[in-house]
Structures are given as structure tokens and as C-alpha cells.
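Worksheet for the structure shown next.
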Amino acid sequence: MRSCLQERWQKLRGRKAAGDKRADAEALLADIEICLAPATGKQVTGRAFALLSQYYVGDIPSEAHAMIFGDWREGLTGLPFWALDAACKTYLASTSCKKKPLPGTIRALAIEETAELRTIAERIVDVHQKLGLQQNPSDRCRAYPQAFINTGSKPAHA
């Protein structure tokens with residue numbers, strides 16, 4: 001799904017005609033927000049359990065297990081499940097996988113996974129704000145496509 005969103009962004013940036021570019025950008029932003037929706041607590045706990053099951057753990061009271069998974073849930077809150085899953089797989093494939101991971105390590109990897117989509121979403125929002133886009137199309141909106149094509153540069157009228 002992420003690669004599909006990234007492809008849509010590249011097509012949107014590369015399009016020269018104004019057309020429905022604004023609507024396409026807003027639809028892309030909505031899809032990115034859905035893709036970046038946070039995992040549920042149950043999903044986080046399940047993924048953490050699957051990851052930590054790779055490592056030997058002696059007899060620990062069930063209260064301790066509950067606190068451990070509570071720490072993992074707290075440490076990974078706000079991240080999408082697909083990013084957590086990819087981060088766990090990346091960690092297990094790394095040379096450091098001999099050590100049991102910490103929530104912060106997996107969080108950092110998951111944030112890396114979401115970085116490009118977050119950047120695209122921020123860029124779309126930034127262009128909307130810079131151009132002061134309104135609900136109804138206007139002459140000012142014609143500069144909108146150029147703002148996407150020239151990422152990083154300011155529109156001439158801003």
C-alpha cells in the first residue's frame with residue numbers, strides 16, 4: 001500500500017496540467033492518513049509478543065509479563081501496524097538481533113518506515129497553507145501544480 005501511495009505522489013508531482021490536481025492531492029493525503037493510522041493496543045501487544053517470543057525468557061510472574069507488554073504498548077503507541085511489523089522484521093534480520101530489543105529500538109525503526117509518507121503528507125499540507133487554498137477553485141489555485149513540481153521552492157505570488 002505504501003508503494004502505491006508513493007507512486008501516486010510521484011505522478012501527482014510530475015503532472016503539468018492543473019486539472020483535478022488539488023482534489024487528487026487531497027485524496028492522496030486522506031489515503032496517507034488512513035495508512036498512518038495507529039495500531040490498536042491489541043495489535044501492538046500481539047506484535048511485541050511475537051517478537052519477544054524469539055528470545056528465551058525464564059519463569060516470570062504473569063504480573064511482570066503484563067507490565068512488560070504495557071511498556072511495549074506505551075512505547076509503540078501512535079504507530080501503524082504495518083510499520084511496527086516491518087520494524088520487527090528489520091530488527092530480526094539485523095546483526096543486533098542476538099540481543100532482545102527494547103521498545104525504543106523498534107519505535108525508531110518504525111518511524112523510519114513511516115518517514116517518507118509523513119514527508120509527503122507534510123508537503124501537501126504545507127502547499128495548501130502557503131497557497132491559502134479555499135474550497136472553491138480560483139485563479140490562485142492555478143499555481144498549485146507548480147508548487148508540487150518545484151518542491152522546496154516558493155510560488156511566485158507567495
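The values are calculated or read from the model by the stated rules, or taken from the named source; none is laboratory data. Keep in mind that what you see is a predicted model, and the values were worked out from it rather than measured. Cβ atoms come from the backbone with ideal geometry, glycine included; neighbour counts cover every protein chain shown.
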Original post:
Pairs under 7 Å by beta carbon, first residue surrounded by fewer than 12 Cβ atoms within 10 Å (Cβ to Cβ) in region 108-136, partner at pLDDT below 80 and not charged (D, E, K, R), six or more apart or different chains?
Top reply: none
**OP:** Assess whether Tyr91 counts as being closer than 29 Å to Ala121 by Cβ and out of contact with any strand residue (DSSP E or B) (no Cβ under 8 Å at 6 or more places or on another chain).
**Re:** yes
Original post:
Just checking, how many residues over region 110-130 are touching a Pro at 6+ places or on another chain (Cβ under 9 Å) and modelled with pLDDT of 90 or more?
Top reply: 3
Subject >> Filtered residues of region 56-69 (kept if among the aromatic types (Phe, Trp, Tyr) and at pLDDT 90 or above) >> reply: Phe69
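Just the residues that are aliphatic (A, V, I, L, M) and at pLDDT below 65, please, taken from region 5-49.
Initially, region 5-49 is screened for residues aliphatic (A, V, I, L, M), giving 5, 12, 17-18, 23, 25, 27-30, 32, 34, 36-37, 39, 44, 48.
Within region 5-49, Leu12, Ala17, Ala18 meet the criteria.
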Original post:
at pLDDT 95 or above and acidic (Asp, Glu) - does that describe any residue in region 85-101?
Top reply: yes
**OP:** With the condition kept exactly as written, say whether any residue in region 46-55 is without any contact (Cβ under 8 Å) to a residue 24 or more places away in the chain and over 22 Å from the mean Cα position of the chain (by Cα).
**Re:** yes
Original post:
If a residue has to be part of a loop (DSSP other than H, G, I, E, B), exposed (fewer than 15 other Cβ atoms within 10 Å of the Cβ) and hydrophobic (A, V, I, L, M, F, W, C) to count, how many in region 31-46 make the cut?
Top reply: 1
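Consider Ala66 carefully, then state whether it is buried (at least 19 other Cβ atoms within 10 Å of the Cβ) and either part of a helix (DSSP H, G or I) or outside the structural domain of Asp24 (by TED's automatic domain parsing) (or both).
Criteria not met by Ala66.
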**OP:** Test Thr90 against the stated conditions and say whether it is free of Cβ contacts under 8 Å to residues at least 60 places away in the same chain, of a type in the set (Ser, Thr, Tyr) and assigned to a helix (DSSP H, G or I).
**Re:** yes
